[in-house]
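Everything below concerns the one structure shown next.
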Amino acid sequence: MRTRPLMIAALLVAAAGLTACQAPAGSIDGCMPTLPAGAASNQVSVEQTEGAPTVDFEIPLVTDGDQATLTGGDADRIEDGDVVDANYVVYSGKTGMIITSSYPEPGSDVPAAEALRLSAGGDTALSQAVSCAAPGSTVVLTTTIESLFGPGAESPEMDIAAADTAVVVLDVTGTHPGRAEGNARPGQQGMPAITLATDGRPGVTFPGGPAPAELTVMQSIEGTGEPVAEGDSVLLHYTGIVWETEEVFDSSWERGAPTVMTIDDANLIPGFVDAVVGQPIGSQVVVSIPQELGYNDAATRPATIQEGDHLLFVIDILDRVEPVAG
């Protein structure tokens, strides 16, 4: 029976500071990868089959830094900041054993881990490895157990130490924009002004007056996709700010990746739902929410939000999606 003492959740919070210091090996369809291929990643052969791919490499495999080899893909290459969905298998380079996988193992009662959804070109080896990917791409990443799973990652029962090589094979199943893409719209009196960093992260300048008394929705970027319906699962980037203090209390940008939300009152505060429903995919909306349409229940209100505070959300509506599954 396969065991998974090193869980995939750790992949999503892997240690930062993994920026490649080597020059990219070359462009792929005009796109320059962040991580170079190398002797270790090139040694790994992958054969796509139904279900999990067949992967082969000589053991022990030792990598010299983070290396990534990308092959295939049947669409335009993604840009840094775009979002990648991928199934994966992680192997020990020392023993060749599977550490964790999003593919179910035939005959095993160990559930498969969830597939990955991550932003490309970030600070981790995983996000850098998928730069220049496209749907249908296969990515081989060779890194270390510690770089992948975080400091202190080890498993004596599987003969895995933090400094050992990890071999990651990613099958890219889909991609999504990483920021709102549409036509800029004019501002609105009494609402904050929005500026955008190069990666799409919003900056907010408050007007200096009180928040609107009523729910106020401003479209700062008009998307060109189909409108969001109540109950849709939507991929969003957002920043939530307390109007009165101008302090951020929640932000997917700060966590490094967008999130999937089901747009209904069972999952979200009413003002957030009202702001998103009916907006075209690709839009960015700015919404001021009075407390009666926000966290009106003191028992569930975040500690950073006080009685009577208004909320300001900047929401990038990236795509309509299904939750990732193994």
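Given the -39500 (n - 2.57) contribution per DSSP H run of 4+ residues, what per-residue ellipticity at 222 nm results for the chain, rounded to the nearest 500 deg cm²/dmol?
Value at 222 nm, helices only, nearest 500: -1500 deg cm²/dmol.
Give the carbon-plus-sulfur fraction of the accessible surface of region 269-308 in %, rounded to a whole number; probe 1.4 Å, heavy atoms of protein chains only.
Carbon and sulfur together cover 53 percent of it.
Once Rh for region 177-326 is found with the Kirkwood sum over Cα pairs, what is the Stokes-Einstein diffusion coefficient at 25 °C and 0.890 mPa s, in µm²/s?
D = 159 µm²/s.
Scattering from the C-alpha atoms of the chain alone, worked out with Debye: what is log10 I(q)/I(0) at q = 0.09, 0.13 1/Å?
Reported log10 I(q)/I(0), two decimals: -0.53, -0.97.
Using a 10 angstrom cutoff on alpha carbons, build the Gaussian network for the chain and name the most mobile of ASP82, ASP66, ASP232.
Result for the chain, Cα springs under 10 Å: ASP232 fluctuates most.
Considering only protein heavy atoms and a probe of 1.4 Å, how much of the accessible area of region 104-197 is carbon and sulfur, as a whole percent?
49
With unit charges on the beta carbon (Lys/Arg positive, Asp/Glu negative), name the residue among GLY240, THR165, ILE263 whose Cα is farthest towards the positive pole of the charge dipole of the chain.
Sorting the options by dipole projection puts first THR165.
Of the chain, which part is the longest with no GluC sites (Glu not before Pro) in a loop (DSSP not H, G, I, E, B) and with at most 12 other C-beta atoms within 10 angstrom?
Here the longest run is 59-213.
What's the center-to-center distance, using Cα atoms, between region 129-184 and region 237-271 in Å?
What the calculation gives is 26 Å, centre to centre.
Across 5 Å bins from 0, what is the distribution of all Cα-Cα pair distances for region 110-150, in whole percents?
P(r) over region 110-150, rounded to whole percents: 5, 20, 26, 27, 15, 6, 1.
Specify which residue in the list ALA40, ALA303, PRO156 is farthest towards the positive end of the charge dipole of the chain, using unit charges on the beta carbon of Lys, Arg (+1) and Asp, Glu (-1), about the Cα centre.
Selected residue: ALA40.
Between ALA193, ALA211, ALA266, where does the largest GNM mean-square fluctuation fall for the chain, given springs only between Cα atoms within less than 10 Å?
Taking springs between Cα atoms under 10 Å, the residue moving most is ALA266.
Place a +1 charge on the Cβ of each Lys and Arg in region 127-183 and a -1 charge on the Cβ of each Asp and Glu, then give the dipole magnitude about the Cα centre in debye, rounded to the nearest 20.
380
Size of the dipole of region 140-240 about the Cα centre, Lys and Arg at +1 and Asp and Glu at -1 on the beta carbon, nothing else charged, in debye to 20?
Roughly 680 debye for region 140-240.
If you count only protein heavy atoms with a 1.4 Å probe, what accessible area per residue comes out for region 262-321, rounded to a whole Å²?
Spelled out: the 1.4 Å probe surface of region 262-321, per residue, equals 37 Å².
The values are calculated or read from the model by the stated rules, or taken from the named source; none is laboratory data. Computed from a predicted structure; not experimentally measured. Ideal geometry is used to build each Cβ from the backbone, glycine not excepted, and the neighbour counts take in all protein chains shown. The area values use the complete protein model at the heavy-atom level, side chains included, leaving out ligands, DNA and RNA. Shrake-Rupley method; radii C 1.70, N 1.55, O 1.52, S 1.80 Å.
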